[in-house]
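Have a look at the structure that comes next, please.
The values are calculated or read from the model by the stated rules, or taken from the named source; none is laboratory data. Everything numeric here is computed off the predicted structure, so don't read it as measured data. Every residue, glycine among them, receives a Cβ derived from its backbone with ideal geometry; neighbour counts consider all protein chains shown. To get the accessible areas, we keep the full protein, side chains included, count just its heavy atoms, and leave off ligands, DNA and RNA. Shrake-Rupley method; radii C 1.70, N 1.55, O 1.52, S 1.80 Å.
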Amino acid sequence: HPLPAWFISFAALFVAVGTNMSTLHYRSLFLPRILWGVLFVVAAAGDCPGVAAFQTTTTARIGRNGQQQPQRQPPQWPVVVPSHSSLTTTTTKLHAVPTEIWTSFLPPMIGFYKSEYTVSYGYGFATALTAYSIWRRCQNVPLLTLHTMALVFYGTRLNLFLAIRSKLSRRIQEFNESVEKKAQARGNRLATRAPFILSCGWLYYGLNVPLVFTSQLLQQSTTLSPTLQTVFRILFGAQWLGFVLAAVGDFTKTWVKQRQQNENFLVRSGILAWIRHPNYTGECIGWTANAMAGMLAAALLVWGGPTTTTASGSNSLSTALGLLGNLTSLLVGWTGILFVLLRATSNLEERQAKDYGNDAKYQSWVESSWSGFQLSSSAAAAASRKPTEDINDGPSSSEPAAAGDAD
């Protein structure tokens, strides 16, 4: 079940028609439209993994002389035959781009419309759509459902939270507007935004690669030892725990601020009474558990072992290289998102200490609670000196660190 053509067509229409033409020259939209057109055609052609090409069949008819004469039939689409069937087909397959590539790289391209969307809605859609597409083709694997639904929950919840917060918070609206104005001031959208959008696409793909590994392992493995099943359940449970913790943290902060009618109110109640930044901490736990599950599955796929038996029984060099290539993307995605989250926590800790350091309630709160995972002081200082994108802290579920949130 690859990325549906309706999603790509909607995204193409969104970019082509929804862009504010009053702020752009038509020429600046020409290449993005061409790009979306090509992507739509390719994805529509690859609407099934391994789309088969036209095939011609030859049938026989009886001629006047009583002999069979071959007769060519019009091209026909091949019939997909289950692998366990004894039937075969001799069609030539056109290998489609893997669905997880489309679902990771296409959503952040919404940033061509509004720059901040690359790391907000593009992030959430990339996560949820990739997990959902893998779940669709692996619904008969209960253990994998636990993994995929964690990411579907995360991406869906994140986008709902971002949409609600953007409606409630005037400060977030102003921040998003300032980001877009700065992005437009840099010039041509394709030239200035494409590198950042593509790098985010690779980051999101790296975050989704563990799903690729676990789906391959759990589908191919005819037996999986009880010990390994328990290990995967623990990792998937930790992933759920982290993402739920982040959701509770976001909800608590938004709820308290709305009740106080003060966007700068320092929230110290609820889950924040014990963990000062549950959103960042929860995501660190969730994405780390996700990566650990992916690396374990990759190790079992590459090296095999007595605890697993694959249906194909093959461990070819090409397969191993493919798995190792995906493993590289996994490490990039995991370390990339951890750096963003740890840096955001450190920056928020620094701002709170600066704004409330002399407040006795703040000092008591700091002494009785945990900040969560963060960069060391030297690492945070070095990171803050690096020139970065205005929205480089956007993938955090709570708030862009550049927005200067008080809590």
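Non-local amide H neighbours of Ile275 (under 5 Å, H modeled in plane, Pro and chain starts lacking H): which ones?
Trp370
Something else now. Between their Cα atoms, which of Lys257/Lys361; Lys182/Lys253; Lys167/Lys257; Lys114/Lys182 are more than 20 Å away from each other?
Lys182/Lys253, as the Cα separations exceed 20 Å there.
Something else now. Using the Cα atoms of segment 250-299, I'd like the radius of gyration and the largest Cα-Cα distance, Dmax, both in angstrom.
15.6, 51
With each label point set 7 Å from Cα along the Cα-Cβ vector, what nm distance links Gln260 and Glu350?
Roughly 2.3 nm, to one decimal.
Taking a quarter of the surface of the Cα convex hull of segment 323-382, what do you get in nm²?
Directional mean of the projected Cα hull area for segment 323-382 stands at 5.1 nm².
Another question, then. Report in % the part of the accessible area of segment 266-306 that belongs to carbon and sulfur, leaving out ligands and nucleic acids; probe 1.4 Å.
C and S fraction of accessible area: 73 percent.
Let me ask something else about it. Could you estimate the translational diffusion coefficient of segment 111-169 from the Stokes-Einstein equation, with Rh from the Kirkwood formula over C-alpha pairs, at 37 °C and 0.692 mPa s, in whole µm²/s?
Approximately 269 µm²/s, per Stokes-Einstein.
Sticking with this structure for a sec: Roughly how much of Val244 is accessible, in Å² to the nearest 10, using a 1.4 Å probe?
60 Å²
Counting C-alpha atoms alone, how compact is segment 154-283: give Rg to one decimal and Dmax as a whole number, in angstrom.
19.8, 58
Run the quick spin-label model on Leu321 and Arg137: label points 7 Å from Cα toward the beta carbon, then report their separation in nm to one decimal.
Each label point lies 7 Å from its Cα, and together they span 2.2 nm.
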